[in-house]
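The values are calculated or read from the model by the stated rules, or taken from the named source; none is laboratory data. As the structure is a computational prediction, the values presented were derived from the model and not from experiment. Methodologically, a virtual Cβ is constructed for each residue, glycine included, from the backbone with ideal geometry; neighbour enumeration extends over all protein chains shown. Accessible surface areas use protein heavy atoms only, side chains included; no ligands, DNA or RNA. Shrake-Rupley method; radii C 1.70, N 1.55, O 1.52, S 1.80 Å.
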Amino acid sequence: MDVRIFQFNGCNKCFNETILLNGESKYKIEFIEDPKNWKEMKTDVSVITGYLLPEDKDTLEKIKSNSKRVVGYGNCTTMGGIFALANQRGYEVSPLSSFIEETEKVNGCLGEIEELSVAINSEAAPKLQNLCAVCARETTCDYLESVHRQIELEDETTCFNDLGYLCNGFVAKECKERCIDYNAPCRGCKPIIDRSGIRMLGMFGTLMGNIEVATEHSELGATDKLADRDDDITDSLPDVLGNFFRFTLSTSGLPRGRIPSSGNILNDVFTGRLIEELPLISGLLGGNRSISLTLKIIETYETANSIEVSEQTKKYRKELLDLESQLQEAIKSKDPKQYKKITDEIRKIGGNMNLSNVYFGGFKAQIDDKDNFEDYKAHVFDVVEGTYKNGSVEFTIDPIGIVKEIKIKEG
Amino acid sequence: MSCEDIEPEVMEKIQDIVVFMCNECGQGSANTAGVARMAYNPAIRIVRVQCTGQVGPIQIMDALNNGADAVACVGCCLGACHFFNGNILSMHRIKLLKKVFKELGYSDQFVNQYTSRAAEGETAVGDFEDLVIRLSNAIREEGTIKDGC
Amino acid sequence: MSDVEEQQKNREFKTDDDFDTEFFKRIENRSNIMKCIQCGTCTASCESGRWTALKTRSIVRKVVLGDLSVLDDPDIWLCTTCYQCYERCPRDVKPTDVIMELRNYATKRGNISPNHRAVVGYLKNFGHAVPINDEVRKRRVELGLEELPPTAFKYKQEGDDKDLKKIEKYMFDLPPVKEEKKGEEK
Amino acid sequence: MTVEEKVKKTDEIKGGADSKEAEEEPRIGVFICHCGHNIAGTVDVAKVAEYAKTLPNVVKAEHYMFMCSKPGVQMLKDSIEELGVNRTVVASCSKNQHGRTFANAIQEEGLNKHRHQQVNIREFNSWVHQKEKDKATEKAKKLVEAGVNRARKLEDVETRRIATTKAALVIGAGIAGLRASYDLAELGIPVYLIERLSTIGGHMTQLNKTFPTLECPQCSISPLTNGVANHPLVELYTNAQIKNVGGSMGNFEVEVEIKPRYVKDNCTSCGECSAHCPVEVPSEWDSGMSIRKAIYKAYPQAIPATFVRDKKNCIECNTCVNICPVKAVDFSMETETKTFKVGSIVVAAGYDEYDPSEIEPYHYGQKGFEDVITQLKLERMLAPGSLTNSQVLRPSDAKIPKSVVMIQCVGSRNDQVGNEYCTGVCCKFAIKNARIVKEMYPDTDVTICYIDVRTPGLNFEELYKSAQEVGVRFIRGRPSEIVRDPISGNLKVIVEDTLSMTPLQLKADMVVLSAAMVPPEGIGPLGSKLQVLRSKEGFLKEFHIKMNPTLSSKGGIFIAGAIQGPKDISESVAQAGNAAAIAAAPLVKGYIEKEMLIPSVDLDLCVRCGLCKTVCAPAAIQINDDGTPMVNEVACKSCGMCMPACPTGAIQLLNFSDKQLLDEIIPIAGGGAVCEDEL
């Protein structure tokens, strides 16, 4: 079977993952990293990865006309993914379905290779359960007392939402990456329904229903003028878009944002997010250097706030960086075995390929000597306003911990 | 400021406003306003729902996506919801939605929550006027929600 | 105006023009003040009021009405800010905070009480609300301390420091005593 | 019905409607009413009808002078017969006005009445846009289109009759509970009356006189207590508490835990046991003003007349067992649990007197401040046969006080203790007692310190006046504190007379605090067992504050008396009577008619989060063992609040589903997507 895998813009994590298909003999695989200049030829299955912009329309149509089937692989392609957060600032990252009629789509960040094989072979996809069904935590779904944004989880058995942290697990399918296992609430990369963000917004708004808020009278008609001012609750959710629509902004039904763009899509994805979410986002972004970027961001903040990390953390970080360079070799050589081996190593340390386990202060679950962990957690959440700079990364944080400006020189 | 002060060019942009009114006080007050022949902007279109607690962000976004210039929910007064707390739930959801709009760089006045009293048509009309005025302010500042897409 | 004339004037009807409700809109927690039920708990709680003419309740009432004469009222300077009324108020009106804010307004109008003005004068001149006398100075030296305790004014001579000058301007340059009393500032 | 069956039933309702829809194509008849000039004067009805004809599935579009007239309704009926119209849209007045007329008309023709869609182009359009005729016509077109869209997918709603259990349960045997029980029993309904204490009658029996007529409460209530206790249809359970409540409107199952009295019913009430009992404890009923034994009767007229043993304080000396002439005392009696099947529940759990010790400056209950008492204690002092022999005596030295100061609004109108409400009865209560004290001891100064005197209604201002006439002094000001002279022990009340702007120190031999009425202890657990909602203050929340103050948030559970909020006796009685009447209605009729406008759950989409249960105010949604929600079709009030709560949209209200609302929204929002790729 002829399989051609196209890598469009940005995120190449899924593209790299397709190396795993390389070993299987039933496929004749061609990797195309520059689809614009692709020499047209007939193909059985075209797999599209990476985020898509309006200028990719012609290329996509070309691919469509030459392929028997088109498979969108990974969130960036199927739903805009994390890069669609830049739509907040006027970008037009769009899902594949808005350009061409796709045959199959494989959601997920990172998309699961098993699901991709199923889609390529046009087998019936296995029915997946809801994430909550496989989550170890238990929910009561009572009205919340308060809403928190900080992730300092001691409790490992209660649902994130019950604790007042927003988790999109209710609208997500079970997945392999399972951020919830690393104390990171789900952001819903594999939504169970359309417009999951909006639905989740409705649900979370309802959960907050018991919290008393100030109301006011309007001068006209003397009716209660409601919902006007921010209150404790909305203040505790400073980044609604990043939390509810991290992967689905382009398909959420929300209009395109009007905030001026900085011109760089990577910077725009980061701007407006919360400081504690930065490592998670950079882990999602892919790129061959996502690990070093993540660690760079963390270290920038640590150096500026003079947060000490333990020796073990340093060791892990170094190992991760080593693995990253090895991974690049494997990608270059398109060697599935080597790729598998290295990614397994990364998963072991970083939790998953999204690096859910790598966090401010080190590694959330695996740290043995607890010497400073409580300390630097306190440091991280004691948000310090100011500008941080370290080599290729520079960012500014406002008093509530939102990234106001960020500059990342891609290496 | 009242609705008469709005400039015609702004008024022209206010074409369709979807107002979800609950079956109890909302509909009641709009009926009372009608019986009292209290004029309001014809852009106001009322949708009957059981309770404002029934209106979710889905309905609101549906309305905006299909061309509405603004959406509002009108329920019973706080503490007098006929189904206990539907108006408060709706208020919280709209609060979140407003925040989403702000984060997208839009005015937060495209969605609003009001209350009215069934026996008083003027509260419903007051809500509508307030809605139109807020919308006109938003349009003056940054155009309608449809602009620039 | 003689006393008799003034008393007679006080007995005339007041009109809306005598009140300025706008003025007090700037008071923080105004909504709290507006819900005062005039129960008198504050006055009855007032430690100072038992010995002086302070009537906390009527001060709050005047603020609710918008009676600007409250700013000229020497009573607002009698509060010792013991927060007894604040603690006991059944409606959370926070009378002590109201009085403190009234003092700020009054000060801006030059209506500061002579005693308080004197305290500010001491602070300005000596760096202390209670000026240090020769006896104390001597004692300090005997005890091996510096002659002057460390206040900002110890460093007054280093006068080039602009920040200190600035603070001095805000803190100590009180408006002059006002001659005309009726409210003109709106 | 088992859980599975119920879920299946929910599915059937949904499935049934779907299959019907598949059977027949919608044929919609649209009728535009002129309403004389009311609509036609503003809206060009002919144009609207013309436009309606162009809409898909519309087989008939007409305009007519008066749709609600006989010929108009006949048009509707004829269209069903002649053209096979199966859904009707009438654009005329509001749903409340004539919606029912048309719905009934199509029902007469054999269509489900929920297949009628009423479009309001009068109140919502022609009457409010009289000056903008073109715009009004455009708006009417859009509204009609929305109505047609909505009508296209309307599903049948079944009306079901649910048989009710002809019995009622009343919780609380105070004045409200007694009244409700008696009225229910008189309507021929068996009543189970559950009382937490050992006697019935509640707070009313503790009072000395009732305002405004200074009547004896014991005399007023005894016909009722006797009437209830002896009524053949009333089963009285004292020392009983609700353990569990299941079922819904019309058919509840209530588990009640009944603690033993340890005295059998053959007790002759001779009192020998009590006379010989060696244990003495303060009487709760007497507000601690007298002593009772460990085996006792709360007061001589108490009903039931059977004595009761206080197990907690009993030293088990067996004196009573041996002395009882009829051998009624039996220590071996055990707690029993009974299950009652009832159709309606009336909650009349009453109130507690606020404990003023929370208000620090009044020093209530502290050492040296024994002379600071509450109104209820004063009542107990004044009552006939009291420990003080109906005299007002200072608790500290049993002397007649020379000055009595009453302090109003203790625990009411006070944000600091969290009770913002005015209890409403204390002014009358205090004025009544002040007058009685002043009349008894003309030499004693009686002072009432008040913030506002609130005596609305017939006869109450007269009471106020009469107290002033006998010389009760009224001081407008809320006392800030009560101080005690450490040497003489005399109390002083510090207050500002706000009217003369004078701070006063009032000498007080005795201080009486008019404490607020607060929700009774244990109302929280009771509320959650009943699954009814409570107000911010903790009282049970009524369904609607004006229109339905007797129904709780849950159908079939009614509230009476002070459990809903502070009330005096007459208000409690009035509400109890109302509660009895509306609680009795479905039981007397024998069935409840319920339109099955209920949500259905798509179990494929359901993620088992359980939020629908949380938001369901009438507690109509329960969670099964496997986490799926189950809708109790009887309890459901069709509010649709569960819809937006569901994170996956799995729960959808019949005829108000997301899709149906979307169909309605599309035309009126402007019609179709604005910019397709973006929005």
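FRET efficiency for D:ARG473 and C:ASP20, Cβ-Cβ distance as r, R0 = 41 Å, nearest 0.05? Can you show the working numbers first?
On the way: r = 38 Å, r/R0 = 0.92.
Given R0 = 41 Å and the Cβ-Cβ separation, E is 0.60.
Going by the alpha-carbon gyration tensor, a ≥ b ≥ c the square roots of its eigenvalues, is the stretch D:87-225 rounded (a/c under 1.5) or, if a/c is not under 1.5, prolate (a/b greater than b/c) versus oblate?
Prolate, because a/c is 1.5 or more and a/b exceeds b/c.
With chain A treated as a Gaussian network of Cα nodes joined by springs under 10 Å, which of A:SER310, A:SER333, A:SER67 yields the largest mean-square fluctuation?
Its mean-square fluctuation being the largest, the pick is A:SER333.
Determine one quarter of the surface area of the Cα convex hull of the protein assembly as shown, which equals its mean projected area, and express it in nm² to one decimal.
The directionally averaged projection comes out at 69.5 nm².
Can you sort B:TYR40, D:TYR591 by 1.4 Å-probe accessible area, starting with the largest?
Accessible-area ranking of B:TYR40, D:TYR591, largest first: D:TYR591, B:TYR40.
When all protein chains stay in place, what accessible area (Å², nearest 10, 1.4 Å probe) is found for D:LYS613?
It works out to around 90 Å².
Give me the summed buried accessible area for the D-A pair, 1.4 Å probe, to the nearest 100 Å².
Buried surface at the D/A interface: approximately 1600 Å².
Need one word for the stretch D:353-518: rounded, prolate or oblate. Basis is the Cα gyration tensor (sqrt eigenvalues a ≥ b ≥ c); a/c below 1.5 gives rounded, then a/b vs b/c decides.
Judged from the Cα gyration tensor, the stretch D:353-518 comes out rounded (a/c under 1.5).
Just name one of D:CYS449, D:LEU111, D:ALA40: the one whose Cα is farthest towards the positive end of the charge dipole of chain D (beta-carbon charges, Lys/Arg +1, Asp/Glu -1).
Checked the options; the winner is D:CYS449.
If you rank C:TYR122, B:TYR106, D:TYR364, C:TYR86 by how much accessible surface each has, with a 1.4 Å probe, what is the order from largest down?
Descending order: C:TYR122, C:TYR86, D:TYR364, B:TYR106.
Post the alpha-carbon centroid distance, the stretch D:603-667 to the stretch B:36-68, in whole angstrom.
Value for the Cα centre distance between the two parts: 21 Å.
If you place +1 on the Cβ of every Lys and Arg and -1 on the Cβ of every Asp and Glu, how big does the dipole about the Cα centre of the stretch A:2-120 come out, in debye to the nearest 20?
Computed about the Cα centre, the dipole is about 160 debye.
Using a probe radius of 1.4 Å on protein heavy atoms only, what is the accessible area buried between chains B and D, both sides summed, to the nearest 100 Å²?
Answer for the B-D pair: about 4200 Å² buried.
Given the protein chains as shown and a 1.4 Å probe, how many square angstrom of C:THR151 are accessible, to the nearest 10?
Surface accessible to solvent at C:THR151 totals approximately 30 Å².
Taking the convex hull of the alpha carbon atoms in the stretch C:25-138, what volume per residue do you get, in Å³?
119
Have a look at D:ALA562, D:PRO71, D:PRO644 and report the one farthest towards the positive end of the charge dipole of chain D, computed about the Cα centre with Cβ charges (Lys/Arg +1, Asp/Glu -1).
My answer, from the dipole projection, is D:ALA562.
Can you give the charge dipole size of chain D about its Cα centre, rounded to the nearest 20 debye, using +1 on the beta carbon of Lys and Arg and -1 on the beta carbon of Asp and Glu?
Charge dipole of chain D: 1120 debye, to the nearest 20.
Using Cα-Cα distances under 8 Å and only pairs 6 or more residues apart, what relative contact order does chain A have, in percent?
16
Have a look at A:LYS64, A:LYS348, A:LYS190 and tell me which one the Gaussian network model of chain A (Cα, springs below 10 Å) gives the largest fluctuation.
In this elastic network of chain A, the residue with the biggest mean-square fluctuation among A:LYS64, A:LYS348, A:LYS190 is A:LYS348.
Counting only heavy atoms of protein chains, what accessible area per residue, in Å², does the stretch C:15-108 have with a probe of 1.4 Å?
Numbers: 4040 Å² over 94 residues.
Accessible area per residue, the stretch C:15-108: 43 Å².
I want the local charge near D:SER269. Using Cβ-Cβ distances under 13 Å, sum +1 for each Lys or Arg and -1 for each Asp or Glu among the other residues.
Local charge sum for D:SER269: +1.
Using the Kirkwood radius over C-alpha pairs as Rh, can you work out the diffusion coefficient of chain A via Stokes-Einstein at 4 °C, viscosity 1.567 mPa s, in µm² per second?
It comes out at roughly 58 µm²/s.
If you line up the long axis of helix D:70-83 against the longest principal axis of chain D, both from Cα atoms, how many degrees apart are they, to the nearest 10?
It is inclined by approximately 60 degrees.
With springs only between Cα atoms under 10 Å apart, run a GNM on chain A and tell me which of A:ASN75, A:ASN16, A:ASN37 wobbles the most.
Per the Cα network of chain A with a 10 Å cutoff, A:ASN37 tops the list.
Carbon and sulfur: what percent of chain D's accessible surface (1.4 Å probe)?
That share works out to 50 percent.
Can you tell me the mean projection area, over all orientations, of the convex hull of the stretch D:261-334's alpha carbons? Units nm², please.
Result: a mean projected hull area of 4.6 nm².
At 7 Å along Cα-to-Cβ for each site, give me the label-to-label distance between D:THR159 and D:LEU499 in nm.
If labels sit at D:THR159 and D:LEU499, their model points lie 6.1 nm apart.
Take the alpha-carbon centre of the stretch D:182-217, take the same for the stretch D:36-88, and report the distance between them in whole Å.
With the stretch D:182-217 and the stretch D:36-88 each reduced to a Cα centre, they are spaced 59 Å.
Just report the Cα centroid separation between the stretch A:2-48 and the stretch D:473-512, whole Å.
90
Would you kindly give the portion of the calculated P(r) for the stretch D:596-654 that falls above 15 Å, as a percent of all Cα pairs?
Of all Cα-Cα distances in the stretch D:596-654, 35 percent exceed 15 Å.
When Lys and Arg each count +1 and Asp and Glu each count -1, what net charge do the other residues less than 10 Å away from D:LYS53, Cβ to Cβ, add up to?
Around D:LYS53, the charge tally is -1.
Once D and C are treated as a pair rather than alone, how much accessible area drops out, both sides summed, in Å² to 100, probe 1.4 Å?
1700
Would you work out which of C:CYS36, D:ILE494, D:VAL615 lies farthest towards the positive end of the dipole of the protein assembly as shown, given +1 charges on the beta-carbon of Lys and Arg and -1 on that of Asp and Glu, about the Cα centre?
Sorting the options by dipole projection puts first D:ILE494.
Need one value: the accessible area of D:ARG473 in square angstrom, 1.4 angstrom probe, rounded to the nearest 10.
110
Determine Rg/Rh for chain B; Rg is computed over alpha-carbon atoms and Rh is the Kirkwood hydrodynamic estimate from the same atoms.
Ratio value, two decimals: 0.95.
Given +1 on the Cβ of Lys and Arg, -1 on the Cβ of Asp and Glu, and no further charges, what dipole in debye does the protein assembly as shown carry about its Cα centre, rounded to the nearest 20? Numbers along the way, then the final one.
Values: 174 positive and 204 negative charges, 387 e Å.
Approximately 1860 debye in magnitude.
Using a ≥ b ≥ c from the Cα gyration tensor of the stretch D:430-494 (square roots of the eigenvalues), is it rounded, prolate or oblate, where a/c under 1.5 gives rounded and otherwise the larger of a/b and b/c decides, a/b for prolate?
Working: a/c = 3.55, a/b = 1.64, b/c = 2.16.
The shape class here is oblate.
Between the chain alone and the structure with every protein chain in place, find the residues of the stretch D:470-491 that drop at least 10 Å² of accessible area; heavy atoms, 1.4 Å probe.
Flagged in the stretch D:470-491: D:ARG476, D:ARG478, D:SER480, D:GLU481.
Within a Cβ distance under 14 Å of B:GLU7, other residues only, what is the Lys/Arg minus Asp/Glu net charge?
The answer is -3.
What's the average, rounded to a whole number, of partner chain beta-carbon atoms within 10 Å of each residue's beta-carbon in D:123-134? Display every interim value, and only then the final one.
Details: counts 11, 12, 5, 2, 8, 16, 6, 2, 2, 3, 1, 1.
The mean count of partner-chain Cβ atoms within 10 Å per residue comes to 6.
Taking each residue in B:67-78, count the Cβ atoms of any other chain within 10 Å of its Cβ, then average. What number comes out?
Values: counts 12, 5, 2, 0, 2, 0, 2, 1, 2, 3, 4, 4.
Going residue by residue through B:67-78 and averaging, the value is 3.
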